[in-house]
């Protein structure tokens, strides 16, 4: 069993490169993670499998870089969002196919595999449906399904 | 019921010093640190620097190394040190612990920085995620602010209250780097940097130095100025980040708040003066709500009409804070709270200030801390 | 000076450590988690969320564990997670003790692990002080001190050999130690110098392993499984670097001892166990003199044939083998050993009826040398 | 010195020291307030904190306070062994780290009187070295 967290990260990215989004899931308590790791942060079990995800998600927070704040990222505007998958785990990701002002907390998204600003395969998102009316606020109890 | 020892007032700030904040083309960080240290020694009435037996500094953001500083200063204190995360509050708590445990008698906390060419640039230089371009700590505040606005329907003017107050206060502070007054109209007309944050919402990098001297009670009482006692501390760090619910809205502050108020035997209503490490204006809003100065989503109403200005219901950062005075990651706020509690602040003095609270809002790693200081 | 807030107000309640030596490609994080699990079991702590402070330690060479990464791995959100800037054992445990003594925390986990390249073969101390002169490796600083010390007091390197031999004897009785092969003084004398006057046997080697200690407040300690080991006092000193320091104060500073012993309410004669941070044998000789167990220059007479510092001698010292023969986890395993000795768990190397232990830590960089020291006593 | 010394890491203060070595002199900062002679270079006097100092040449004589011999190479730049690293207390006060390239293991002793020599390196800088004084 691989024990370094790097090897779990590598596995996550290998699945992405093969075209599937799989998350580490504890086979003892069912807790899903990122971040990857050799031990379950819920029950400290070291057993896991790789579970695919549905791809539905919701925006919890989002920002647009309107001015460059880093020499490597001068192509503004671009966005970054905190996204909660329907499985309950959160990811930092880019949302594609939206313009500034169109991205709102509470908005439904679908996951896709994209190429990162660094050229690596990463999980990204796009709006689940074209903009449909005013968004509503995200809430911890939000269990909306697609 | 608290296990903390601070309410016994065994540890006090006895001297503070700070340089002018802003641009210092001809003085390096160590020289600025020395300027501040000399001022703090003079403030405390300490003639013999060798009485200082602990020196803590911060290396972060091109700061200063404690050993190198002591070498320049010709000092050999029994403790020199730094922490892995050393914004104001974290380092001062370390100093207080060294004193309370009898390890040291007097500890100087010194921070200075001067990275050429950086003055005036947005603060928060930190790389989180290169695959997504998630860079700069203000982006984390921006993510949080988008969530806050959506959840509570907050308007664009809410953060403007913070920025306007910061500059109104800075105008009264002779060492402030950014004393120009700001109107709400100017604020609202400003462009976004990382939406929904504008440039007025983001502290700008400054060069400068600050020094704080802490001493054990029996020593503090023999020095020149009225001691300002550490009374309680609360802290919460958040290694788990986004696994935590509502992480973007700084839930760690609630844990720090519960600790600090329980240890102090106080409530937010007892606090005369609040100092926030305001790298972003949003930090003030999260602090007001999570520490219980007002309810969730109510910070806008709390701040409207000068609520956080000197003379208002809760003066926040009367020095101008990081948005108006200078960006020394929370260290300058300690110098200000000491001077306010001593009543030395002239035009920006908060009337009858006896209890001051400092709140750190670190978003590089999500480190929250709060401390309460009092005079007897 | 008062240390009332430390004295018997902080205890070590659980210890755990892996075997020292080689660990293949096992990550330091896993070695640390293994040690922490053992320490939790040792203390009888079942709920990981009782841990409200996590201190990691990352050395200047980048080895070690980050407290934030460790907390995240363990799935806990302790209010306190961090490290001091010079995070060898003494300084880190002082910080942990201060968090407890000041009421900030009730149960602090201190975890250190590493798995460096050159495990078991490379000498420690890889540092470059001054490349103009080829002044490299921390052991050279110790060698400079010993040259001056020999010249001043007419000593030889034999005393260093006796320290190395005695610590190996201890390691041979310690199943977790990295070095079990016998070592004699003749073998030591016959070994060539490496950084003269020091031989390779005077300098510890890098090793892999993990170690964890749990520190607790008295009320928390009362509910733990085993007899606690209480802090009596902590002390710190520093000396100027090479250009200004007295030669032996590179490692420990004579003025630390009176202050420490006074705070602990004990004297040299009360010390049943002594643990010295020993990247080289010189550290041990320096500590014996600077803590007043013998006068300056008196280490050779004090150590004699080595039996004085044996586990059954007058002043049992580094009874686990120290860095030199057990493994180099920057002083943390010294504390595991002193806890187990004070509890009486050390089998064939057990010191009889040990009640009080002294830890002398040191370290530093060229600009300044630090000293940390702690006194511990068997709790109730 | 036969080994490959890298050029000195320079800052504003130590550049003067390096200039002095290039001219085969030991230039040290002399505090014009309290007279303290300091090394290594620093922006203020560690004794009195004055920022006023003059660079003055100092006697290049001193005494060995300690030394080590590298019997194996521990760095790729320093493969010619044995070589020594020696602490010399200058008569002006400060202790400097240096080396005596001509000394032998049997001849070098703590307390030896030494004087400076200067090795001009290909990179356009000079390294401070020492040799033993002639026995009287």
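The values are calculated or read from the model by the stated rules, or taken from the named source; none is laboratory data. What you are looking at is a predicted structure, and each value in this text was computed from that prediction instead of being measured. Note: ideal-geometry Cβ built from the backbone for every residue, glycine included; neighbour counts use all protein chains shown.
Structure above, values below:
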| item | result |
| --- | --- |
| Residue match in segment B:211-220 (condition: without any contact (Cβ under 8 Å) to a residue 24 or more places away in the chain and either outside any strand (DSSP E or B) or within 16 Å of the chain's Cα centre (by Cα) (or both)) | yes |
| Unique residue being surrounded by 18 or more Cβ atoms within 10 Å (Cβ to Cβ), assigned by TED's automatic domain parsing to the domain that holds residue B:305 and modelled with pLDDT of 95 or more when the list is B:99, B:188, B:182, B:134 | B:182 |
| Residue in segment C:1-11 that is without any contact (Cβ under 8 Å) to a residue 60 or more places away in the chain, more than 14 Å from chain B (Cβ to nearest Cβ) and surrounded by fewer than 23 Cβ atoms within 10 Å (Cβ to Cβ) present | no |
| Filtered residues of segment C:33-64 (kept if over 22 Å from residue C:217 (Cα atoms) and at pLDDT 95 or above) | none |
| Spans of helices (runs of 4 or more DSSP H) in segment C:130-221 with at least 3 residues crowded, with 23+ Cβ neighbours inside 10 Å and in contact with a helix residue (DSSP H, G or I) (Cβ under 8 Å, 6 or more places away or on another chain) | C:138-153, C:158-172 |
| Filtered residues of segment B:162-181 (kept if part of a helix (DSSP H, G or I) and either within 14 Å of chain A (Cβ to nearest Cβ) or farther than 29 Å from residue B:251 by Cα (or both)) | B:168, B:170 |
| Only listed residue being crowded, with 24+ Cβ neighbours inside 10 Å, assigned to a helix (DSSP H, G or I) and away from chain D (no Cβ under 14 Å), chosen from B:144, B:63, B:88 | B:144 |
| From B:99, B:159, residue being under 23 Å from the mean Cα position of the chain (by Cα) and away from every other protein chain (no Cβ under 11 Å) | B:159 |
| Condition check for residue B:47: surrounded by fewer than 24 Cβ atoms within 10 Å (Cβ to Cβ) and assigned to a loop (DSSP other than H, G, I, E, B) | yes |
| Test: residue in segment C:61-77 that is away from chain A (no Cβ under 14 Å), without any contact (Cβ under 8 Å) to a residue 40 or more places away in the chain and out of contact with any strand residue (DSSP E or B) (no Cβ under 8 Å at 6 or more places or on another chain) | yes |
| Count of segment A:89-123 residues which are part of a loop (DSSP other than H, G, I, E, B), closer than 20 Å to residue B:248 by Cβ and touching a strand residue (DSSP E or B) at 6+ places or on another chain (Cβ under 7 Å) | 9 |
| Segment A:74-94, residues that are more than 10 Å from chain B (Cβ to nearest Cβ) and buried (at least 21 other Cβ atoms within 10 Å of the Cβ) | A:85 |
| Meets criteria (modelled with pLDDT of 90 or more and closer than 24 Å to residue C:140 by Cβ) for residue D:17 | yes |
| Positions within segment B:114-130 being over 18 Å from the mean Cα position of the chain (by Cα), modelled with pLDDT under 90, within 30 Å of residue A:119 (Cα to Cα) and part of a loop (DSSP other than H, G, I, E, B), in sequence order | B:126, B:130 |
| Residue match in segment C:197-205 (condition: under 30 Å from residue B:216 (Cβ atoms) and under 19 Å from the mean Cα position of the chain (by Cα)) | no |
| Elements of type helices (runs of 4 or more DSSP H) contained in segment B:231-338, each with 3 or more residues being modelled with pLDDT of 95 or more and surrounded by fewer than 22 Cβ atoms within 10 Å (Cβ to Cβ) | B:252-264, B:299-303 |
| Residue in segment D:34-53 that is assigned to a strand (DSSP E or B) and over 20 Å from residue C:132 (Cβ atoms) present | yes |
| Those residues of segment B:339-362 which are part of a helix (DSSP H, G or I) and farther than 21 Å from residue B:261 by Cβ, in sequence order | B:339, B:342, B:346, B:347, B:348 |
| Residue identified as in contact with a helix residue (DSSP H, G or I) (Cβ under 6 Å, 6 or more places away or on another chain), modelled with pLDDT of 90 or more and within 23 Å of residue D:134 (Cα to Cα) among D:68, D:64, D:88 | D:68 |
| Residue list for segment C:108-129, restricted to those being assigned to a loop (DSSP other than H, G, I, E, B) and more than 9 Å from chain D (Cβ to nearest Cβ) | C:115, C:116, C:117, C:118, C:119, C:120, C:121, C:122, C:124, C:125, C:127 |
| Number of the condition not met by residue A:99 [criteria: (1) under 27 Å from residue C:70 (Cβ atoms); (2) loosely packed, with under 15 Cβ neighbours inside 10 Å; (3) free of Cβ contacts under 8 Å to residues at least 12 places away in the same chain] | (1) |
| Test: residue in segment A:113-128 that is over 22 Å from residue A:18 (Cα atoms) and either buried (at least 20 other Cβ atoms within 10 Å of the Cβ) or at pLDDT below 80 (or both) | no |
| Number of positions in segment A:42-73 that are within 26 Å of residue B:126 (Cα to Cα) and either within 7 Å of another protein chain (Cβ to nearest Cβ) or in a loop (DSSP other than H, G, I, E, B) (or both) | 14 |
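A quick yes/no check of all residues on (1) under 23 Å from residue C:155 (Cα atoms); (2) at the interface with another protein chain (Cβ under 9 Å from one of its Cβ atoms):
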| residue | (1), (2) |
| --- | --- |
| D:79 | no, no |
| D:85 | yes, yes |
| D:93 | no, no |
| D:98 | no, yes |
| D:101 | no, no |
| D:106 | yes, no |
| D:114 | no, no |
| D:118 | no, no |
| D:124 | no, no |
